[in-house]
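Here is the structure we will look at.
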Amino acid sequence: MSKFNNSSEGPTLVILAAGIGSRYGGLKQLDTFSPEGDSIIDFSIYDAIEAGFKKIVFVIRKNLLKEFDETFRPKLKGRAKMEFVFQELDRVPDAYINESRTKPWGTGHALLLTKDVVKENFAIINADDFYGRKAFETMASSLRETDPKSYTFHMVAYKLKNTVSDYGYVSRGECKVSTDNFLQDVTERTHIEKKDGGIVVENEEGDLQPIDADTNVSMNFWGFTPKCFEFGWELFVDFLESNKENSKAEFYIPTVVNEMLKSDKVKVNVLTTNEKWFGVTYKEDKAIVQNEIMKLKENGVYPKKLWE
């Protein structure tokens, strides 16, 4: 048992579920991918609880509260605590409320909003990404072994080739990692796609250039102590000031992480995994996810009915 957590306490899992899903064409967070009615979130929560996470925090839009509460409260009863944080467009300083904006301010904003709810070590993930059992086990173990007063954070890195869609471009955090497995820099790449048998990335000039298929990328599976909340808010205000007229600009977690890395305090331990990511960026991805989930259940990785 870790000296930082007793058996009744464990890390918290924060699930980012406030996105619009414009490329998917619907509310992909609660879309189902099995005959039993499982969402991708169901598998993330199941894996997290199995790995020792004790509280689930959903970051959602307020108009989704009833649906999320009715969906997950019965499943989590007796298994984990559940709380909600609302990522609304007006949860910014009044001077920066943009009436023309329809999409949330991004994952970095969502992270900052959890400060009042999360007081323990925690992981943060996307609602629509399937991360794999081993990734949760590795992250849970690392968080249990980390002092909550520490500035050592964690990130699960995936190989780029295991994370791309067959149906269009995706966003990934391109990671620069030191020889001793610490993160040096993460760059949010908003356009990565398969092309001509390889993988290409859009550079700052808008041109597509090749990128190594074995590049380590972030899938927004981060592990933090509460010390992370010392960073980011001033950067977010600067972002708001720079994007007053841009109704589509998003403030990303990697932007906050890079600010952390520039300090002389923070280290981000890179936890590597060979897990194959799958998720839904496009409607066409759904059949692939359904097939992968079916195989996992047939192979006994998950029970046919997760919550019985």
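Going through (1) within 17 Å of Asn243 (Cβ to Cβ); (2) surrounded by 13 or more Cβ atoms within 10 Å (Cβ to Cβ); (3) charged (D, E, K, R) one by one, Glu83 falls short only on (1). Selection over the stretch 137-163 of residues that are surrounded by fewer than 20 Cβ atoms within 10 Å (Cβ to Cβ) and not acidic (Asp, Glu) gives a count of 10.
Quick check on Phe53: is it in a helix (DSSP H, G or I), among the aromatic types (Phe, Trp, Tyr) and modelled with pLDDT of 95 or more? It is false that Phe53 is in a helix (DSSP H, G or I), among the aromatic types (Phe, Trp, Tyr) and modelled with pLDDT of 95 or more.
The set of residues from the stretch 1-30 being modelled with pLDDT of 90 or more and either of a type in the set (Asp, Glu) or not in a loop (DSSP other than H, G, I, E, B) (or both) comprises Thr12, Leu13, Val14, Ile15, Leu16.
Are any of the residues in the stretch 227-242 in contact with a His (Cβ under 6 Å, 6 or more places away or on another chain) and either of a type in the set (D, E, K, R) or modelled with pLDDT under 95 (or both)? Within the stretch 227-242, none of the residues are in contact with a His (Cβ under 6 Å, 6 or more places away or on another chain) and either of a type in the set (D, E, K, R) or modelled with pLDDT under 95 (or both).
Selection of the stretch 250-265 for residues being touching a residue at least 24 places away in the same chain (Cβ under 8 Å) and either assigned to a helix (DSSP H, G or I) or under 20 Å from the mean Cα position of the chain (by Cα) (or both) yields Glu250, Phe251, Tyr252, Ile253, Pro254, Thr255, Val256, Val257, Asn258, Glu259, Met260, Leu261. For the stretch 273-291, indicate whether the set of residues that are on the phi < 0 side of the Ramachandran plot, touching a residue at least 12 places away in the same chain (Cβ under 8 Å) and exposed (fewer than 13 other Cβ atoms within 10 Å of the Cβ) is non-empty. Yes, the stretch 273-291 contains at least one residue that is on the phi < 0 side of the Ramachandran plot, touching a residue at least 12 places away in the same chain (Cβ under 8 Å) and exposed (fewer than 13 other Cβ atoms within 10 Å of the Cβ).
The values are calculated or read from the model by the stated rules, or taken from the named source; none is laboratory data. Source: prediction; values computed, not measured. Methodologically, a virtual Cβ is constructed for each residue, glycine included, from the backbone with ideal geometry; neighbour enumeration extends over all protein chains shown.
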